[in-house]
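Q: Mind looking over this structure? Questions follow.
The values are calculated or read from the model by the stated rules, or taken from the named source; none is laboratory data. Here the structure is a predicted model, which means the values were calculated and not measured. Ideal geometry is used to build each Cβ from the backbone, glycine not excepted, and the neighbour counts take in all protein chains shown.
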Amino acid sequence: MSAGLLPLMAALGVRALGVTLSVRAEGMDALRPLWRAGRPLIYGVWHGRILIVPWLNARFRRTEGARNVRVLASRSRDGELVAGFVRRFGLDVVRGSSSRGGAAALRELARALRAGEDVAVVPDGPRGPSCRAQAGIVSLAATTGAPIVPLGVAARPARRLASWDRFMVPAPFARCAVVFGAPVDVGRHDDREKVRVAVERALQEATDSADRLVAAS
């Protein structure tokens with residue numbers, strides 16, 4: 001299969017999968033006033049849980065009043081595939097990563113936030129370490145004043161790939177949980193390392209909460 005067809009086929013596969021999923025969402029009530037007020041948000045989600053996030057955003061835009069999101073994707077070949085995939089769900093893309101084009105990408109994300117758009121960042125991507133937040137998401141929040149919303153995604157049953165991030169692929173008809181953690185505000189003069197650790201902890205707590213929800217349902 002050509003590289004040009006991969007994003008299309010992946011998007012079609014995720015859409016077909018999504019129709020079968022039973023989705024439970026928590027923490028959205030705290031976000032609705034921010035959506036209505038037009039306050040820009042920075043969503044953070046671990047790399048290993050991103051597969052169905054574009055589909056979830058499209059669903060929540062239709063049903064919950066969520067807004068479109070601008071997504072950061074790396075400039076690697078894999079990042080090109082990711083960019084093509086998320087565009088199939090109506091999302092805009094900024095290209096860059098910690099190793100290539102990172103500063104320019106963060107500036108473009110900052111411009112989007114100042115224009116009132118939401119953005120999504122994978123703080124342990126594109127190469128890990130898994131579930132360890134890098135500093136870029138904190139710098140973006142401190143520079144723009146936009147709060148960071150930890151996003152946890154889980155599914156059961158699901159396959160976990162033998163990759164550095166144990167990438168999660170929900171099984172058809174799986175139970176799916178989406179947990180929005182409390183927004184984390186970052187002051188311009190806050191200790192960046194302390195905030196990075198706090199964001200990392202909040203994101204892991206949201207992910208653990210999502211895991212517990214699908215295990216208990």
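Q: Among the numbered criteria (1) surrounded by fewer than 20 Cβ atoms within 10 Å (Cβ to Cβ); (2) not in a strand (DSSP E or B), which single criterion is violated by ASP165?
A: If we test ASP165 against (1) surrounded by fewer than 20 Cβ atoms within 10 Å (Cβ to Cβ); (2) not in a strand (DSSP E or B), just (1) comes out false.
Q: Only one of (1) touching a Gly at 6+ places or on another chain (Cβ under 8 Å); (2) among the charged types (D, E, K, R); (3) closer than 26 Å to ARG166 by Cβ fails for ARG24. Which number is that?
A: Result: ARG24 fails condition (1) only.
Q: Still on this structure, please answer the following. How do the pairs read when you match residues in the range 177-204 that are under 23 Å from ILE52 (Cβ atoms) with residues anywhere that are of a type in the set (Phe, Trp, Tyr) and assigned to a loop (DSSP other than H, G, I, E, B), using Cβ under 9 Å and keeping only pairs 6 or more apart or on different chains?
A: LEU203/TRP46; GLN204/TRP46
Q: Let me ask you something else. Kindly establish whether ASP165 is acidic (Asp, Glu) and under 22 Å from PHE60 (Cβ atoms).
A: Criteria not met by ASP165.
Q: Right, another one. Of all the strands (runs of 3 or more DSSP E) wholly in the range 1-106, which have at least 2 residues that are closer than 21 Å to ALA202 by Cα and modelled with pLDDT under 90? I'd like the intermediate steps shown before the answer.
A: Numbers: elements: 22-26, 42-44, 69-73, 92-95.
Ranges flagged: none.
Q: Got a number for residues in the range 137-187 being farther than 15 Å from GLY27 by Cα, of a type in the set (Gly, Ala, Ser) and out of contact with any strand residue (DSSP E or B) (no Cβ under 6 Å at 6 or more places or on another chain)?
A: Number satisfying all stated conditions: 6.
Q: Another one. Consider PHE60 carefully, then state whether it is more than 25 Å from SER163 (Cβ to Cβ) and aromatic (Phe, Trp, Tyr). Spell out the reasoning first.
A: Values: more than 25 Å from SER163 (Cβ to Cβ): yes; aromatic (Phe, Trp, Tyr): yes.
Judged against the criteria, PHE60 is a match.
Residue-by-condition table, conditions (1) in a loop (DSSP other than H, G, I, E, B); (2) at pLDDT 95 or above; (3) surrounded by fewer than 19 Cβ atoms within 10 Å (Cβ to Cβ); (4) among the β-branched types (Val, Ile, Thr):
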| residue | (1), (2), (3), (4) |
| --- | --- |
| PRO126 | yes, no, no, no |
| ALA133 | yes, yes, no, no |
| GLY152 | no, yes, no, no |
| ARG156 | no, yes, yes, no |
| VAL186 | yes, yes, no, yes |
| ARG201 | no, yes, yes, no |
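Q: Next question. How many residues, within the range 128-151, are over 20 Å from ALA112 (Cβ atoms) and free of Cβ contacts under 8 Å to residues at least 40 places away in the same chain?
A: Summing the residues that are over 20 Å from ALA112 (Cβ atoms) and free of Cβ contacts under 8 Å to residues at least 40 places away in the same chain in the range 128-151 gives 1.
Q: Of the residues GLY65, GLY125, only one is under 20 Å from VAL195 (Cβ atoms) and touching a residue at least 24 places away in the same chain (Cβ under 8 Å); which?
A: Answer to the selection: GLY125.
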